[in-house]
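The values are calculated or read from the model by the stated rules, or taken from the named source; none is laboratory data. Everything numeric here is computed off the predicted structure, so don't read it as measured data. Cβ sites come from the backbone with ideal geometry, for glycine too, and all protein chains shown count toward neighbours. Ligands, DNA and RNA are excluded from the accessible area calculation, which covers all protein heavy atoms including side chains. Shrake-Rupley method; radii C 1.70, N 1.55, O 1.52, S 1.80 Å.
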Amino acid sequence: MSGLELFAAALGVIAVWLTVKQNPWCWPIGLVMVLLYSWIFFEVKLYSDMLLQVIYAALQLYGWWQWTQGTATHGKRQVSQLDGKSIVLGLTVGAVGSLLLGAAMAHWTDAAQPWLDAALTGFSLVAQLWMAQKRLQCWPLWIALDIIFVGLFIYKALYLTAGLYGVFALLAVHGWRTWRTDPALRT
């Protein structure tokens, strides 16, 4: 465990807590966290996760814009639900992305866990996009992913980060409960 990992983990808890509370400051704090984690994951050869953090950086900016500027027709972004077709499409895109990235990482890198890391990356991108769009379904997907991430990080001896993702899973449960009662879903 390094000081950098400790600082990034603390920022991660703050960012997810603010996300649950629908506070737009979750996005700039999350941006700093993902940039720090990109370096941490590079050091332990989790290249898909490193790449994921770089993409997260762009998604942090997108989420910040979505939550503060919203859409032209509805003002700021409100919590909403995806229909079944959109859920299947998102999960299919996550699966295809996972397979393509896993094959690339297995073939061209010395990645520690190319297939698992790629799957977590592909589906995390879907969850992050849904979160930026304030889709309720982001939370159950995050719960599942965070639990699997805990195991991966224990395997890689990133114990603080494993603990962080355990906290993320608990915060995702809280987020799921909180967002389900959002007044925007009653309209």
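Quick notes
- Filtered by the rule that a residue be open to solvent by less than 80 Å² (accessible area, probe 1.4 Å) and within 21 Å of A144 (Cα to Cα), the range 93-111 gives G94, A95, V96, G97, S98, L101, G102.
- Some residue of the range 30-46 being among the charged types (D, E, K, R), touching a helix residue (DSSP H, G or I) at 6+ places or on another chain (Cβ under 6 Å) and under 19 Å from G151 (Cα atoms): no
- Filtering the range 143-183 to residues that are open to solvent by less than 50 Å² (accessible area, probe 1.4 Å) and of a type in the set (S, T, N, Q) leaves T161, T178.
- All positions within the range 117-159 that are part of a helix (DSSP H, G or I), over 30 Å from S80 (Cα atoms) and in contact (Cβ under 8 Å) with a residue 24 or more places away in the chain: L152, Y155, Y159
- Filtered by the rule that a residue be open to solvent by 20 Å² or more (accessible area, probe 1.4 Å) and farther than 18 Å from V96 by Cα, the range 125-141 gives Q133, R135, Q137, P140.
- Within the range 68-92, considering residues that are modelled with pLDDT of 90 or more and assigned to a loop (DSSP other than H, G, I, E, B), the one most open to solvent (accessible area, probe 1.4 Å): Q81
- The single residue among L18, L51, L46 that is under 16 Å from the mean Cα position of the chain (by Cα), touching a residue at least 60 places away in the same chain (Cβ under 8 Å) and open to solvent by less than 40 Å² (accessible area, probe 1.4 Å) turns out to be L46.
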